[in-house]
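Rule-based calculations on the coordinates, nothing more; no lab input. Owing to the predicted nature of the structure, the values given are computational and were not obtained by experimental measurement. Here the Cβ is made from the backbone with ideal geometry for all residues, glycine too, and neighbour counts use every protein chain on show.
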Amino acid sequence: MNKAKKLWKKLKNKDENIRLMKWMIHVVKPYFRFVIYVFLISLVSMGISYASTIIGKYVVDDATTGVIDFRNMAFMCGTTIVSILISIFSNIISSYINEKFSFSIRQKLFNDIQRSVWIKISKYHSGDLVTRLTSDIGGLADGLISILPSTILIFFQLLISFGILLYYDWQIAVFALFLGPIGAAFMLFFRKKYKEYQTKFRESESEYRSFMQEVLSELTVVKTFRQEGANEEVMEGLKKKRLGLVIRNSRLSSIMSAVMRLIYSTGYVVAFCWGAYRISKGDITYGTLTVFISLVGQVQGSVSGLANIVPRIYSMLISAKRISDVTEIQKEIYTGKTELPKKVGLVVNDVSFAYADELIVKDLNFSVNPGEKIGIVGPSGTGKTTIIRMLLALTAPQKGDIRYVLDSAGEETACPDSRRFISYVPQGNTLKTGTIADNLRVGKADATEDEMWHALRMASAEKFMKKQTDGLETELSEKSGGLSEGQAQRIAIARALIGEKPVLILDEATSALDEDTESVVLKNITENSDLITCFIITHRRSMLRYCDKVIELDDDGYMTINTLSQYNQKK
Ligand SMILES: Nc1ncnc2c1ncn2[C@@H]1O[C@H](COP(=O)(O)OP(=O)(O)OP(=O)(O)O)[C@@H](O)[C@H]1O
Ligand SMILES: [Mg+2]
């Protein structure tokens, strides 16, 4: 079953709809006051135009008897001007509320994404998440802030118009009453298709954004593998798919609008003819006929607007679903621990872990004394990074437990708070756009220049940094643009060292360095650092000489731990 169908199936589910409604009410609650304001303003404006319509009747009726009532005429002019002023005011307020609402939801979603449990959120493509943060939030804000109130307003309008018609001519009112359900039934008939199209529409947006984002961030791969043509084809395909959706969508909307207009025009013609007939019989006045015509004019816009509102409501529901799905992902829980231990040991007790069904690591058992340097080796794909993710509490083991032994406060099971005493150099390129100093401040927000240079020296980055004309203020573009891979790695190491945390994790952090530089960096890190417990993942055996113990992972997910000399003897 494809994604659109799955989502659509979920939307049909009653409990799911109730949950979605509750979520939307919860989201809009803080802004409800403002929405009510806009609604009331529109209501007042509507009231004024109805008053103007009715006064118009008396102007016409007076005129047919040869009387000109200037007071009523002036009142009509006045109400028109007031209506215009009110609509300006209400437009300004609603766009302000719309932006305030959408940006707040965006902020909340952004925070939620940042704080979601890594293993769950990492399943989403960043392009998809960006679509949810932009278009979906736009759709939701449009729905909650503008469409719902204006839909309610339209119903009010229809109701009042019906009341007025009923007052002046019950027969025509009853006729109008039949037209309403016909229109509604018609819309219900197309409901299913609308929902389906809207879901697909959103998904196609996520799809092309993710695709473009990925291509644009890896242009060298595109060029060197000569992928331009293939990518253009993919874009062409995405365009076709999207255009197909747009055509189907707008075909449906147009049919809907046309039928609504047909129903409406029938009403108009019938009302007009009926009015003429009644005048000929002397049952109603010219003034009453002008009321009919004017009422018809007033609901005209609303009724055809109603046809457009339906797809927008579905779009809102789909967006709400896509946003709430992400906001409801389990969050990491920080308990707010702040004390920084000076020395940290580790006990890993009977730990096994699987991303899905298959266990990646099995029965890990080892302990590390504070200040020890642990090498972690093993063929690619055996679970080295996975172990690190568990140490960082990015993911939790399915079995067993991981406890840090703190000098200050006994033991602490690995949890998001544990990251306060861990520095980490991830595999791959992880610097951010901005200056080198900005990057170093990620490791320590209030780092001084001296501290920065010290960290750079430790990471063997001082020499090339001295050559940069802008020094610490050297700007990096996306993905460390402007630095070599090995230079970027050393900045990433300096970023980790600057915080002087008692635990340091290097995940192939020196893989892009020449052996001599790597050796200097590891020597700097491990020498005279009795307080720092290090985990060094490496594929280079010679680098293990800086370690006290070596953990070896095998292809079956099991581990052995040896002292360095035992390990060397074995090899
Ligand atoms: N996010 C993930 N979801 C599902 N499976 C994953 C995920 N990350 C890693 N794996 C799988 O877990 C296994 C171990 O991956 P891991 O990254 O821990 O290996 P590694 O020992 O660090 O390898 P390398 O030396 O190549 O970095 C691999 O088979 C990989 O396919
Ligand atoms: Mg790895």
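Structure notes:
- Signed unit charges on C-beta, dipole axis of the range 3-327, positive-most listed residue 40, 139, 220: 220
- Candidate lysines - alpha carbon under 21 Å from residue 281, same-chain residues fewer than 8 apart omitted: 57
- About the centre of its Cα atoms, the chain shows a dipole size close to 2000 debye [charges on the beta carbon of Lys, Arg (+1) and Asp, Glu (-1) only; nearest 20 debye].
- Extension gain from residue 420 to residue 51, taking 0.36 nm per residue of separation minus the Cα-Cα distance: 126.2 nm
- Summed side-chain charge close to residue 323 - residues other than residue 323 whose Cβ falls under 10 Å, Lys, Arg +1, Asp, Glu -1: +1
- Pair residue 170, residue 358: separation of 7 Å Cα→Cβ label points (nm): 7.8 nm
- Taking a straight line from the alpha carbon of residue 193, these aspartates and glutamates sit under 20 Å away, with near neighbours fewer than eight places off in the same chain left out: 16, 136, 203, 205.
- Mean Cβ neighbour count within 10 Å, used as a protection proxy, ranking 229-238, 496-505, 94-103 highest first: 496-505, 94-103, 229-238
- Remark on the chain: hydrodynamic radius 29.5 angstrom, per the Kirkwood mean of 1/r across alpha carbon pairs.
- Peptides 157-170, 440-453 ordered by packing proxy, namely the average of other Cβ atoms within 10 Å per residue, highest first: 157-170, 440-453.
- Charges were assigned to the Cβ only: +1 to each Lys and Arg, -1 to each Asp and Glu. The resulting dipole of the range 344-570 about its Cα centre is roughly 220 debye.
- Available extension along the chain between residue 484 and residue 325 is 53.3 nm, counting 0.36 nm per residue and deducting the alpha carbon span.
- Label-reachable residues, the range 532-560, where backbone N falls under 18 Å from a point 7 Å from residue 350's Cα toward its Cβ: 558-559
- Per-selection Kirkwood Rh - the range 344-570 (Cα, Å, 1 d.p.): 18.0 Å
- Residues whose amide H lies under 5 Å from that of residue 343, counting only those 5 or more places away or on a different chain, are 407, 408; hydrogens are built 1.01 Å from N in the peptide plane.
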